[in-house]
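Below is one structure, written out as structure tokens; the observations come after it.
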Amino acid sequence: MNTNAFESWVMEDMLWWRCAVSSPTHEIECSTALQALFEHPIIKINDLTGIYASPLIELKVQEVLQQPKNDLRFVTSYETKKGKFSFQHRMRVYEENNQKWVFSECIDVTEMVLLEREIVDAKGRASLAQVYERQAFLEEQNRLIEESYQKQSRFLALLSHELRSPLLGMKSMVTHLKQVFSDNDYLVERLKIINLTTEQMTFLVNDILTYSQTEYDAIILHPKRFSLQQTFEYVKQLTKSIAADKEVFVSFVYIGEKDWVFGDSVRLAQILINLIVNAIKFTRVGGVTVEVKQQADDLFNFRVTDSGEGIPSEKLQEIFDPFVQFKTEGSTNALGSGLGLSVVKQLVDVMGGDISVTSKMGVGTTFKFALKLQVASDEIQVEPEEGEIVANQVDQLKKHQYRVLVVDDSKINRMVLTGFLNDLNCQVEEAADGQQAWKLFEKQIYDFVFLDIQMPIMDGFEVMKLINQKRQKGLVKELKSVFAITAGGGEELIPKGQTLQSLGFEKWFVKPISQEQVIKLLTESDHKVVEPIEPVQQPIEQENGEEDAFVDEIVSIPAQFQPLIGSFAEELKQNLEEMREQINKQQWVELKAKAHYVKGNCMVFQLERWVEWLRSIERNLQSEQIDKNILIECLEKLEIALKYLENSLLKSDNESN
């Protein structure tokens, strides 16, 4: 065999491929023997690897080009006519006719790879029992850690509630004393100091409570109609004393046409307070400016800027992490817990916004976030403020001499509430826990009950069950209303499948309750007797006269909200489409946030059944096993309800034309 024949034999019968270095698409040539292993033409590198495609070969090509003198060898697999084969590649670079090539010789090592794999598998099987045992141990450890973490988070939330209750009692007592001794300047000034200290402690406790709630997804928004200007003034007053203490100013600038919006004003105030307090902390000269701009009908941009010394760029990425505190020249350890900005981030996220921060050393820091707040018509009648309760209502209440039971495990809270009621000439009895309350209730007749929910021995829900049993038997016809009160929370405390009304409560209030609120409560409930409603079992089940129920609920939307129904229906349609897509893609976190947002809008329009379907979605998403059928069924109910609403709008338009 001559040299040319030998070379021809080698080129045809050996397994090899080569790739021109100048080829941008990695086109290759291969030997006849290698091509014969495949049913399809081999034109590019990926034609070789097929289902085992990976960047390995291309990386090796680049490696051999960088180090052409190295003996580069590696193993990869191809899917051939006879199945999966493994080849050892030996790569090198050579030139031919002024063209540089990467040449790869392929050696079949399939049997060797299979043998090696069998050896590895054998070793694996030998230690499999140990692996399972180790895995079970780690899973148990992880379960215990998670359980402990959840217990600590819930304990933190409970502790925050317990701290918040006496603080709110102190605040109420200070307010009451300031009214009583309003002519004593010396005493009023010192009461202001106590009030400031209480507010600072309340800020801290609120942050701890909010943080613990975010740890197990317990934050629930309470949207309602509120004034932006009033909220800004409230925030400014709360931070005024802290700013004055550091001799810096706090100013608000609002650029927008609308003042009244729908949203959670309490959470918005908490966001702004934390950002302002944080800004004050790092500002020695100048002050803090809060700029709010109405970007669109329902989009508001918020900007909080300080003239502090700034934050180093390398620390900005951890600015929203919990328990992070930056010590700088202008800061003071007297303010902040390291939770404020983390809480801000969590609240902005829950409210559907996004927050960012920029800072320049020696110039200052700016926090920016945007929130969607549905604009409310200026024509809507504003509910009277607490301070607007007229004197004749007080005189009228005093004539009744109502019998009232106040139940609270906090003595100071009982003292405050009892003091308000005594001023209204009420006959008040107190109970420190649910068991004491029930004993008193069995012996006495009451017109009103103020019932704390979180108490030792017997909580408020248990007491309410016993009261309902008497109501059902017609034994407490004199009882007009039972009011639920708590140091924090609300809907998240209500048992699954229940509503506030089904439990028998008239209203739910978060401490502290002001004297004006008490007057308003008793006045509104003067001629009411709350009858217990059977617990809601399955809000998604078919109901008799469902069509009439849809129509009745739409017709019953309060008149002041009628101008907003069109925009509400349009936004609801888009939200429901997004929810259906989220269900299909199993985007449970996004679905939960969207359902919560839609629920808030439906609550504004007092669409109770719609709210129940959305609550069913939220409860299902909180369960260990998510039932997709329930989610779809609730969504279909909402889509049907939306159709009725759209038909109602269309009918109204036709009649007006």
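In this entry, V598 passes the filter for residues that are surrounded by 14 or more Cβ atoms within 10 Å (Cβ to Cβ) and out of contact with any strand residue (DSSP E or B) (no Cβ under 7 Å at 6 or more places or on another chain).
Within the range 275-289, the set of residues being outside any helix (DSSP H, G or I) and either modelled with pLDDT of 90 or more or open to solvent by 10 Å² or more (accessible area, probe 1.4 Å) (or both) comprises F282, R284, V285, G286, V288, T289.
Could you tell me whether any residue of the range 244-254 is at pLDDT 85 or above, polar (S, T, N, Q) and crowded, with 19+ Cβ neighbours inside 10 Å? The answer is no, given that none of the residues of the range 244-254 is at pLDDT 85 or above, polar (S, T, N, Q) and crowded, with 19+ Cβ neighbours inside 10 Å. Here the helices (runs of 4 or more DSSP H) wholly within the range 529-629 that include at least 2 residues being modelled with pLDDT of 80 or more and in contact with a helix residue (DSSP H, G or I) (Cβ under 9 Å, 6 or more places away or on another chain) are 565-584, 588-604, 608-622.
Of the set (1) touching a Ser or Thr at 6+ places or on another chain (Cβ under 7 Å); (2) buried (at least 17 other Cβ atoms within 10 Å of the Cβ), all apply to F38 but (2).
Against the condition surrounded by fewer than 11 Cβ atoms within 10 Å (Cβ to Cβ) and part of a strand (DSSP E or B), how does E105 come out, does it pass? Against the criterion (surrounded by fewer than 11 Cβ atoms within 10 Å (Cβ to Cβ) and part of a strand (DSSP E or B)), E105 does not qualify.
Exactly one residue out of L114, L138 is open to solvent by 90 Å² or more (accessible area, probe 1.4 Å), in a helix (DSSP H, G or I) and at pLDDT 75 or above: that is L114.
Results for (1) open to solvent by less than 20 Å² (accessible area, probe 1.4 Å); (2) in a strand (DSSP E or B); (3) under 20 Å from A33 (Cβ atoms), shown as yes or no for each residue.
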{"residue": "G50", "(1), (2), (3)": "no, no, yes"}
{"residue": "L59", "(1), (2), (3)": "no, no, no"}
{"residue": "E63", "(1), (2), (3)": "no, no, no"}
{"residue": "N70", "(1), (2), (3)": "no, no, no"}
{"residue": "V75", "(1), (2), (3)": "no, yes, yes"}
{"residue": "E79", "(1), (2), (3)": "no, yes, yes"}
{"residue": "F85", "(1), (2), (3)": "no, yes, yes"}
{"residue": "R92", "(1), (2), (3)": "no, yes, yes"}
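All conditions but one from (1) among the charged types (D, E, K, R); (2) closer than 23 Å to G362 by Cα; (3) surrounded by fewer than 19 Cβ atoms within 10 Å (Cβ to Cβ); (4) more than 27 Å from the chain's Cα centre (by Cα) apply to E309; the one that does not is (3). Tell me, yes or no, whether the range 413-427 has at least one residue that is modelled with pLDDT of 90 or more and β-branched (V, I, T). Within the range 413-427, none of the residues are modelled with pLDDT of 90 or more and β-branched (V, I, T). Listed by first and then second residue, the pairs with beta-carbon distance under 6 Å, at least 6 apart or on different chains, first residue in the range 222-233 and buried (at least 20 other Cβ atoms within 10 Å of the Cβ), second aliphatic (A, V, I, L, M), are T231/A269. So, of the residues in the range 424-438 that are assigned to a helix (DSSP H, G or I) and touching a helix residue (DSSP H, G or I) at 6+ places or on another chain (Cβ under 7 Å), which turns out to be most open to solvent (accessible area, probe 1.4 Å)? Top of the filtered list is W438.
Candidates are the residues of the range 441-468 that are among the acidic types (D, E) and over 20 Å from V518 (Cβ atoms); the one that is surrounded by the most Cβ atoms within 10 Å (Cβ to Cβ) is D459. The single residue among F326, F320 that is at pLDDT below 85, farther than 15 Å from T239 by Cβ, open to solvent by 20 Å² or more (accessible area, probe 1.4 Å) and in contact with a Leu (Cβ under 6 Å, 6 or more places away or on another chain) turns out to be F320.
When residues in the range 390-423 are screened for being in contact (Cβ under 8 Å) with a residue 24 or more places away in the chain, over 20 Å from V510 (Cα atoms) and in a loop (DSSP other than H, G, I, E, B), 2 of them pass. Of note, G504 satisfies the criterion of being at pLDDT 75 or above and of a type outside the set (D, E, K, R). Annotation: R471 fulfils all but one of (1) open to solvent by less than 40 Å² (accessible area, probe 1.4 Å); (2) more than 16 Å from Q517 (Cα to Cα); (3) out of contact with any Leu (no Cβ under 8 Å at 6 or more places or on another chain); the unmet one is (3). For the range 428-461, name all the residues that are at pLDDT 85 or above, of a type outside the set (D, E) and in contact with a strand residue (DSSP E or B) (Cβ under 6 Å, 6 or more places away or on another chain). Correct list: V428, A431, A437, L440, Y446, F448, V449, F450, L451, G460. Contact annotation: residue pairs with Cβ atoms under 6 Å, 6 or more positions apart or on different chains, pairing a residue in the range 497-509 that is of a type in the set (A, V, I, L, M) with a partner that is open to solvent by less than 40 Å² (accessible area, probe 1.4 Å), are L503/M464.
The values are calculated or read from the model by the stated rules, or taken from the named source; none is laboratory data. Everything numeric here is computed off the predicted structure, so don't read it as measured data. Positions of Cβ are backbone-derived with ideal geometry, glycine not excepted, and every protein chain shown enters the neighbour counts. Areas reflect the complete protein model, heavy atoms only, side chains present, ligands, DNA and RNA absent. Shrake-Rupley method; radii C 1.70, N 1.55, O 1.52, S 1.80 Å.
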